[in-house]
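Below: one structure, written as structure tokens.
Just so it is clear, none of the values below were taken in a lab; they were calculated from the coordinates. Model, not experiment: these values are computed from the prediction. Cβ sites come from the backbone with ideal geometry, for glycine too, and all protein chains shown count toward neighbours.
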Amino acid sequence: MLNIKNLHVKLEEEDKQILKGVNLSLEPGKVHAIMGPNGSGKSTLSYVLSGKDGYEVTDGSAQLEGVDILDMEAEERAAAGLFLAFQYPVEIPGVGNMTFLRTAVNAQRKLRGEEEMSAGEFLKVVRAKAKDLKIDADMLKRPVNVGFSGGEKKRNEILQMAMLEPKMCILDETDSGLDVDAMKLVAQGVNALRDGKRTFLVITHYQRLLDHIKPDAVHIMANGRIIKTGGPELALEVENNGYADLLEEIA
Ligand code: ADP
Ligand code: MG
Ligand code: MG
């Protein structure tokens with residue numbers, strides 16, 4: 001589904017190399033987790049994959065279903081099935097949440113040459129999905145993320161994901177700042193989307209999320225590289241021992 005080879009990325013503005021040869025291969029239907037110390041490049045990886053400006057790819061490649069994505073516009077990547085749930089969801093004053101969702105869904109359909117979702121169908125679908133995530137009707141009418149609590153913002157990211165039905169979902173610390181109940185809702189939202197083909201890259205600081213979203217593989221990222229890959233037990237090891245031992249091992 002997603003194949004990242006030797007990805008090297010630097011900042012456009014400064015001569016600072018952030019990703020120093022990332023290799024990752026995600027098969028359809030799998031859930032991969034990335035953990036790692038702050039500043040190791042996890043968010044940068046998710047931004048570069050989804051097409052945020054300000055980064056320069058100096059080497060390597062990333063393919064979605066065999067198609068190179070790094071030269072594509074962000075909206076083309078989204079239409080191709082890539083989705084990023086932001087670590088820090090953005091507030092968009094003046095744009096109603098529902099309008100935003102419907103515009104996004106239909107813009108993607110248009111780019112794919114598909115028919116628009118009718119207003120009636122959209123309403124039915126968005127209400128049902130919002131209900132599953134305990135997002136009330138009022139939050140659907142308010143401007144995107146404006147005045148939402150941390151947990152509401154994160155659940156709203158999952159609602160976007162549920163509406164867009166992407167093939168490749170990247171979640172950047174969607175569990176950070178959530179209480180246990182909100183984390184379970186987020187995990188349920190993710191698990192509801194697992195269908196054996198849809199693929200997930202879950203970036204997290206906490207092993208706890210992975211009790212609810214069972215990963216097939218866990219990768220540790222440090223200093224711009226994946227330094228270790230293992231099964232779910234690797235997340236437990238990190239939770240218990242921290243990263244120091246691993247970093248020393250590598251050094
Ligand atoms: P993580 O998500 O693993 O905590 P990030 O990808 O956010 O790490 O950051 C990796 C490194 O790149 C950090 O040292 C961070 O300060 C730096 N960095 C990322 N984006 C920028 C930017 N736009 N300007 C300056 N430094 C940046
Ligand atoms: Mg961080
Ligand atoms: Mg980050």
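Taking 8 Å as the Cα distance limit and 6 or more residues as the minimum spacing, I'd like the relative contact order of the chain as a percentage.
Computed over the chain, the figure is 28 percent.
Give the Rg (one decimal place) followed by the Dmax (whole number) of segment 1-133, computed from C-alpha coordinates and expressed in Å.
For segment 1-133, the Cα-based Rg and Dmax read 17.0, 51 Å.
Around residue 95, which amide H atoms from residues at least 5 apart in sequence, or from another chain, sit under 5 Å from its own amide H, with H modelled in the peptide plane?
For residue 95, whose amide H was placed from the backbone, the distant partners under 5 Å are 144.
Positive end of the dipole of the chain, charges at C-beta (+1 Lys, Arg; -1 Asp, Glu), about the Cα centre: which of 221, 72, 191 has its Cα farthest in that direction?
191
Could you work out the relative contact order of segment 90-223, using alpha carbon pairs under 8 angstrom and six or more residues apart, expressed as a whole percent?
Computed over segment 90-223, the figure is 25 percent.
Restrict the search to segment 117-155; then list the trypsin sites (Lys or Arg not before Pro) that DSSP places in a loop and that have at most 15 other Cβ atoms within 10 Å of their Cβ.
134
Which shape class applies to the chain: rounded if a/c is under 1.5, otherwise prolate when a/b exceeds b/c and oblate if not, where a ≥ b ≥ c are the square roots of the Cα gyration tensor eigenvalues?
Prolate.
Taking amide H positions as placed in the peptide plane 1.01 Å from N, state which residues far from residue 221 in sequence (5 or more) or on other chains have amide H under 5 Å from it.
Correct list: 35, 36, 227.
Within segment 113-148, name every residue whose backbone N is under 19 Å away from a label modeled 7 Å from Cα of residue 75 along the Cβ vector.
Under cut-off, by backbone N: 113-118, 144.
Could you work out how far helix 97-111 tilts from the main Cα principal axis of the chain, as a 0 to 90 degree angle to the nearest 10?
80
Give me the angle, in degrees from 0 to 90, between the Cα long axis of helix 180-193 and the longest principal axis of the Cα atoms of the chain, rounded to the nearest 10.
Orientation of helix 180-193: about 80 degrees from the principal axis.
Could you list, in their original order, any pairs among 10/52; 42/110; 129/153; 141/184; 5/30; 153/184 whose Cα atoms are separated by more than 21 Å?
Check vs 21 Å cut-off fails for 42/110; 141/184.
Which value at 222 nm does the chain reach when only helices count, each DSSP H run of 4 or more adding -39,500 (n - 2.57), with the total divided by all residues and rounded to the nearest 500 deg cm²/dmol?
Dividing the helical sum by the residues of the chain leaves -12000 deg cm²/dmol.
With springs only between Cα atoms under 10 Å apart, run a GNM on the chain and tell me which of 43, 61, 149 wobbles the most.
In the Gaussian network model the winner is 149.
Rank 105, 90, 57 by mean-square fluctuation in a GNM of the chain with C-alpha springs under 10 angstrom and give only the top-ranked residue.
In this elastic network of the chain, the residue with the biggest mean-square fluctuation among 105, 90, 57 is 90.
Roughly how tilted is helix 119-132, in degrees to the nearest 10 and between 0 and 90, from the longest Cα axis of the chain?
That helix lies at roughly 50 degrees to the long axis.
Measuring from centroid to centroid over Cα atoms, what is the spacing of segment 82-119 and segment 179-251 in Å?
28
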